[in-house]
Structures are given as structure tokens and as C-alpha cells.
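Chemist: First, the structure itself, so that you have it in front of you.
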Amino acid sequence: MPFVRHVSALLALLLTAGGVTADDAAGEWLSYRDAYRAMVVFEKYGRPKNFLQNHLQVMLKEKGVLGAGLQLSLLSKASNLSLPLDATGRAVFPLLKAAYDDNATLALTSNVSQYVFRARVSIVVRSDGVYETSDLRAACEQALVYLRHVDSSARARRCSGVRLSYQRKGADPVVKLRNGSGDVALLAVTDGATFGDDNNEGFRVVNYRFGDHADKGQLVTQSAPLAIAPLLE
């Protein structure tokens with residue numbers, strides 16, 4: 001059953017700024033080639049990933065709220081392309097051979113030294129807002145297997161659940177768990193970050209932990225989350 005993910009799962013690939021230091025006058029750009037090499041790994045990955053998606057995330061180096069006016073652009077000799085950032089700092093990353101060959105750059109409307117850039121895997125968000133709990137477990141496992149593929153230190157992690165994140169503005173999100181008997185429980189809402197290692201804060205989050213409930217059930221959301229992240233502990 002296809003899904004849209006925060007996750008992220010927690011892929012912690014730090015992208016370098018193509019030899020440009022934070023003190024350089026041109027310190028507001030990042031090498032497209034460096035980002036491409038990190039992002040293409042997911043595209044070439046051959047194991048199951050039908051529940052997952054991959055983004056480039058712009059993350060603050062220190063904990064805080066990402067500025068609403070931050071913009072990311074792809075600049076090449078032929079054209080300029082805007083890469084819109086969502087509230088979590090994620091952008092859909094275009095894998096363009098022409099931009100790679102052109103040695104294009106990624107530009108921020110803020111000093112790049114304040115940020116790190118990550119390839120961020122998450123679980124696809126469903127348009128109908130209904131998630132089988134067995135699918136959520138499978139999605140988390142897919143994210144964990146992929147993370148272990150790119151980072152051997154993740155072998156000690158396990159899937160404990162998923163996290164749905166929402167904007168802080170407006171009413172609290174409503175996320176309900178419907179078990180196999182038809183009983184419905186409202187899941188608790190707290191403040192936090194979308195991903196476990198995320199410095200971009202200021203969200204309302206709902207955690208669903210696999211150990212608390214049987215697999216035969218559904219998670220039902222009243223409104224679409226910004227992202228769904230695997231909880232890897």
C-alpha cells in the first residue's frame with residue numbers, strides 16, 4: 001500500500017560545501033555534485049523501498065526554528081531552478097546529469113555555515129489518511145534496512161514506531177488508533193522535532209509505538225502530517 005515519509009528515516013549524510021569554507025564570501029552555496037552523490041544512493045538502492053521517499057533536508061546546526069523565508073535554489077550556467085523547502089526543511093532533489101556535468105551549485109538565502117545538509121528518508125504520506133499498522137511496521141523496517149546499508153553504525157538500532165509531525169499553528173492534530181476489534185483510541189500530542197536527530201524544532205508530534213499495540217489495526221489521521229518518520233532506537 002503506497003504511502004508520503006518524514007521521515008526521515010535517520011540518514012545522517014552531511015554534505016560538504018565543495019571546498020568553500022564558512023568564512024568565504026561565497027559561503028552561501030553548496031556543491032550540487034556533492035549533494036548528487038549522496039542523494040543518488042537511494043535511487044540506486046535495490047531492496048524494497050515502496051513505503052519510503054528521499055529528500056534533501058536543510059537543517060540548523062543548533063536547535064531552533066527554521067526561518068520561514070529560507071529558500072534553496074539550483075544554479076547552473078543554463079538556468080536557475082527553485083527547490084521549495086517544506087516546513088521541515090526538506091526539498092525534492094532533482095537528479096540532473098546536465099547540472100552535474102555543469103558543476104552547478106545549490107544556493108541558500110542565508111549563510112550556509114548555519115546549516116547542515118542531509119539526505120533524509122521518510123515514510124510516504126497517504127492521501128486518504130488511513131494507515132494499516134502492519135504497513136507502518138513494514139515501512140519502518142524498510143527505513144532501518146536502508147539506514148544500515150549506508151551506515152554500519154545503525155546495526156544496533158531497532159524499529160520502535162513512527163512519528164507524525166504537524167505545524168504548531170492551529171488546533172492539535174487528531175490521530176486515532178483503531179484496533180482489530182473496532183475500538184478507537186486518541187494518541188497523545190506533544191512538542192518536538194520531526195526526526196530523532198533533527199535540530200529543526202517547533203512542531204506538534206504524535207508518536208505511535210509498535211510495542212504498545214497489536215499489528216492488526218489502523219492509524220487514522222484527520223489531516224495530513226507534514227512528515228512521517230520512523231522511530232529508530
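Chemist: Of the listed values [x] 1, 6, 12, 15, 15, 15, 13, 10, 7, 4, 2, 1, 0; [y] 1, 7, 15, 18, 19, 15, 12, 7, 4, 2, 1, 0, 0; [z] 1, 5, 9, 11, 13, 15, 16, 14, 9, 5, 1, 0, 0, grab the one calculated as P(r) over Cα pairs in 5 Å bins from 0, in percent from the structure here.
Modeler: Comparing each candidate, only [y] matches the computed number.
Chemist: Now for a separate question. What nm distance separates the two modelled labels at Ser110 and Lys97, each placed 7 Å from Cα along Cα→Cβ?
Modeler: Here the answer is 3.6 nm between the modelled labels.
Chemist: Have a look at region 122-209 and give its Rg and Dmax from the Cα atoms, expressed in angstrom.
Modeler: 14.3, 41
Chemist: Assign unit charges at the C-beta atoms only (+1 for Lys and Arg, -1 for Asp and Glu), then state the dipole size of the chain relative to its Cα centre in Debye, rounded to the nearest 20.
Modeler: Values: 27 positive and 23 negative charges, 100 e Å.
With Lys and Arg at +1 and Asp and Glu at -1, about 480 debye.
Chemist: Roughly how compact is region 49-92, stated as its Cα Rg over 2.2 N^0.38 Å to two decimals?
Modeler: 1.38
Chemist: Relative to the longest principal axis of the C-alpha atoms of the chain, give the angle of the C-alpha long axis of helix 32-44, reported between 0 and 90° and rounded to the nearest 10°.
Modeler: Value to nearest ten degrees: 30.
Chemist: Using modelled amide H (1.01 Å from N, peptide plane; none on Pro or chain starts), what sits under 5 Å from the amide H of Leu231, excluding residues fewer than 5 places away?
Modeler: Amide H neighbours of Leu231: Ser160, Gly161, Val162, Arg163.
Chemist: Between Arg47 and Asp86, what is the spin-label point distance in nm, taking each point 7 Å from the Cα along the Cα→C-beta axis?
Modeler: 2.4
Chemist: Report, in degrees rounded to the nearest 10, the 0 to 90 angle that the Cα long axis of helix 133-150 makes with the longest principal axis of the chain.
Modeler: Once rounded, one gets 30 degrees.
Chemist: Would you please state which residues of region 84-100 a label at Gln71 would reach in this model, taking the label point 7 Å out along Cα→Cβ and a backbone N cut-off of under 17 Å?
Modeler: Label zone hits: 84-87, 89-92.
Chemist: With only alpha-carbon pairs counted, each pair once and no self-pairs, how large is the Kirkwood hydrodynamic radius of region 33-110 in angstroms?
Modeler: Result for region 33-110, one decimal place: 13.9 Å.
Chemist: Identify, among Ala227, Leu177, Ser122, the residue whose Cα sits farthest towards the positive end of the charge dipole of the chain, taking +1 on the Cβ of Lys and Arg and -1 on the Cβ of Asp and Glu, with the dipole about the Cα centre.
Modeler: Toward the positive end, the furthest listed residue is Leu177.
Chemist: Short version: ³J(HN,Hα) in whole Hz for each residue of region 166-173, in order, from phi by Karplus 6.51 cos²θ - 1.76 cosθ + 1.60 (θ = phi - 60°), x for Gly and Pro, what are they?
Modeler: 9, 4, 6, 5, x, 6, 4, x
Chemist: Follow-up question, since we're still on this one. Once amide H atoms are placed 1.01 Å from N in the peptide plane, what residues at a sequence separation of 5 or more from Arg126, or on another chain, have their amide H within under 5 Å of its amide H?
Modeler: Val4
Every number here is computed from the coordinates shown, using simple stated rules; none is lab data. Please read all numbers here as calculations on a predicted model, not as lab measurements. In this analysis, Cβ positions are derived from the backbone assuming ideal geometry, glycine residues included, and neighbour counts consider all displayed protein chains.
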